[in-house]
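Inspection log for the structure reproduced underneath, given as structure tokens.
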Amino acid sequence: MVRERPLAVAFIHPDLGLGGAERLVVDAALELSARGHAVDMFTAHHDRRRCFEETLDGPFSVTVCGSWFPRSVCSRFTALCAYVRCILIAIYVAWGAWRRRRQYDVIFVDQVSAVIPVLHLLTRSKVLFYCHFPDLLLVQRRSRLRSLYRAPLNRIEEVSTGCADRLLVNSNFTNETFVRTFRRLVKRDVLPGVLHPAVRVPSQTDLERVAERWREHFPADLAHFLEGGPVFLSVNRFERKKGLDLAVRALGVLLTQQVDAHREVASCRLAVAGGYDERLQENREVLAELKVLVATLGLTDRVRFLPSFSEHHREGLFHTARAVVYTPQNEHFGIVPLEAMAAARPVIACNSGGPRESVLHGATGFLCRPDPVAVAAAMAQLTVKAAAERMGRAARSHVLRNFTRGAFGQRLEKIVHEMVDGMSEI
């Protein structure tokens with residue numbers, strides 16, 4: 001039996017902004033807090049204007065440390081700087097535990113595994129590492145010099161990942177990638193478990209409240225745009241790897257199609273919302289490139305951009321959307337499809353990566369080839385309102401059965417107790 005004593009759990013996360021990784025660690029902290037555990041979050045960056053609301057007034061503390069060290073040097077060495085910033089956080093956590101003479105039972109680390117050996121050296125805590133995806137696969141090696149720079153970081157990533165007391169990944173897709181990538185760890189039988197992310201599923205009362213009041217949170221012109229015809233919604237960070245241009249191009253194809261009178265193609269539109277950080281050059285460039293693409297395709301009156309939106313905006317956008325178009329390829333898992341389905345909206349996603357584990361093709365949405373014609377064909381089917389509503393109901397039921405935050409929290413609590421109590425997973 002797992003002992004029901006409360007644990008002290010720390011989270012180390014590099015940048016507590018808006019994104020899938022941030023949503024996961026916040027949900028994990030919320031669930032452990034709700035189960036009576038003492039939770040503290042440590043990060044190198046927390047912008048109170050651009051974060052999840054639970055980090056402002058939630059049941060766990062948020063401490064910023066290591067922020068004095070730069071994020072990059074002349075827009076370079078970002079990964080190395082992230083390693084240093086997170087190591088500074090680890091030192092701060094260890095110092096605080098020594099000063100209070102109270103160790104954390106478990107320290108939850110994600111994204112930057114380099115802190116794990118430091119934590120083992122300076123604390124007696126068990127360390128859980130959640131791998132969203134091997135970082136070494138996310139880097140483009142554009143030159144030999146860059147490859148030389150990355151080589152020691154890649155080795156550090158593999159060695160330090162293997163130092164964790166427990167390893168978790170976010171999907172079967174990531175698990176397969178982990179096995180192919182970290183061959184030395186696999187030879188030592190260092191293998192992760194799979195803990196899918198989850199979402200808070202709004203109640204029917206919540207959905208009705210949003211339906212009544214969503215206009216209050218939008219400017220009049222944007223509310224008019226959202227009510228002007230079937231809205232397809234894209235929610236993602238403004239990064240090139242997210243493939244946001246695919247949604248724009250698919251809308252362009254859709255609007256040229258001749259379809260029967262039962263479909264509302266002529267008035268379709270697209271809302272592109274997502275995480276946007278003015279500090280990040282790529283975010284600025286991608287948004288500018290998308291605006292040029294929209295103008296080039298003659299879609300200026302059919303596309304709206306909403307960078308860095310609030311939770312109220314998110315709820316309103318899901319309510320007004322006919323469906324969500326999720327464009328990343330080989331996404332590690334993807335929390336947005338779950339959020340959309342929880343709000344009873346079908347999802348159109350690329351037929352690769354994590355969405356293949358969350359979206360049921362033909363039942364809760366469509367899994368498509370990553371090209372505008374295929375995505376537009378799926379969008380055309382959902383211009384029939386009754387079909388979209390039927391899929392939306394199935395999508396919500398699917399999430400309620402398989403991806404609730406409560407089930408995620410229950411599994412996570414079991415894992416951290418097993419780590420502390422020396423039990424093996426049942």
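Just so you know, all these numbers are worked out from the coordinates, no wet-lab data involved. Since we're looking at a predicted model, the values are computed, not measured. Reconstructed Cβ throughout: ideal geometry from the backbone, glycine too, with neighbour counts over all protein chains shown.
Assign unit charges at the C-beta atoms only (+1 for Lys and Arg, -1 for Asp and Glu), then state the dipole size of the chain relative to its Cα centre in Debye, rounded to the nearest 20.
Result for the chain is approximately 1080 debye, rounded to the nearest 20.
Kirkwood Rh over alpha-carbon pairs of segment 187-246, then Stokes-Einstein at 37 °C and 0.692 mPa s: what D in µm² s⁻¹, rounded to an integer?
Rounded to a whole number, D works out at 204 µm²/s.
Collect residues whose amide H, placed 1.01 Å from N in the peptide plane, falls under 5 Å from the amide H of V169; neighbours closer than 5 in sequence don't count.
Distant-sequence amide H within range of V169: C131, G193, V194, L195.
Of the options F133, G362, F408, report the single residue whose Cα projects farthest towards the positive end of the charge dipole of the chain (beta-carbon charges: Lys, Arg +1; Asp, Glu -1).
The one lying farthest along the dipole's positive direction is F133.
Helix 405-421 sits at what angle to the longest principal axis of the chain, using alpha carbons and giving 0 to 90 degrees rounded to 10?
Tilt relative to the chain: about 10 degrees.
Starting with the fewest neighbours, write out M41, M419 ranked by other beta-carbon atoms found within 10 Å of each beta-carbon.
Starting with the residue having the fewest Cβ neighbours, the order is M419, M41.
Could you state, as a whole-number percent, how many of the C-alpha pairs of segment 204-402 are farther apart than 31 Å?
10 percent
Against the longest principal axis of the chain, how steep is helix 385-402, in degrees 0 to 90 to the nearest 10, with axes from Cα atoms?
On a 0 to 90 degree scale, this one is about 10.
From the phi angles alone, apply the Karplus equation (6.51, -1.76, 1.60; θ = phi - 60°) to segment 279-296 and give each ³J(HN,Hα) in whole Hz, x where the residue is Gly or Pro.
Karplus values, whole Hz, x for Gly and Pro: 5, 9, 4, 4, 4, 5, 5, 5, 4, 5, 5, 5, 5, 5, 4, 4, 5, 4.
With +1 assigned to the C-beta of every Lys and Arg and -1 to the C-beta of every Asp and Glu, and no other charges, what is the dipole magnitude of segment 1-82 about the Cα centre in debye, to the nearest 20?
That gives segment 1-82 a dipole magnitude of about 260 debye.
Comparing S125, S61, S33, which has the greatest mean-square fluctuation in the GNM of the chain with Cα pairs linked when under 10 Å apart?
In the Gaussian network model the winner is S61.
Have a look at L145, S203, F238 and report the one farthest towards the positive end of the charge dipole of segment 96-243, computed about the Cα centre with Cβ charges (Lys/Arg +1, Asp/Glu -1).
L145
Per DSSP H run of n ≥ 4, the term is -39500 (n - 2.57); total these for the chain, divide by its residue number, and report the mean residue ellipticity at 222 nm rounded to 500 deg cm²/dmol.
Value at 222 nm, helices only: -14000 deg cm²/dmol.
Counting other Cβ atoms within 10 Å of each Cβ, which trypsin sites (Lys or Arg not before Pro) in segment 175-273 have at most 12 and sit in a DSSP loop?
Qualifying residues, ordered by number: R188.
In debye, nearest 20: dipole of segment 204-402 around its Cα centre with unit charges on the Cβ of K, R (+) and D, E (-)?
380 debye
Give me S308, S203 sorted ascending by neighbouring Cβ count inside 10 Å, so fewest comes first.
Taking fewest neighbouring Cβ atoms as first place, the list is S203, S308.
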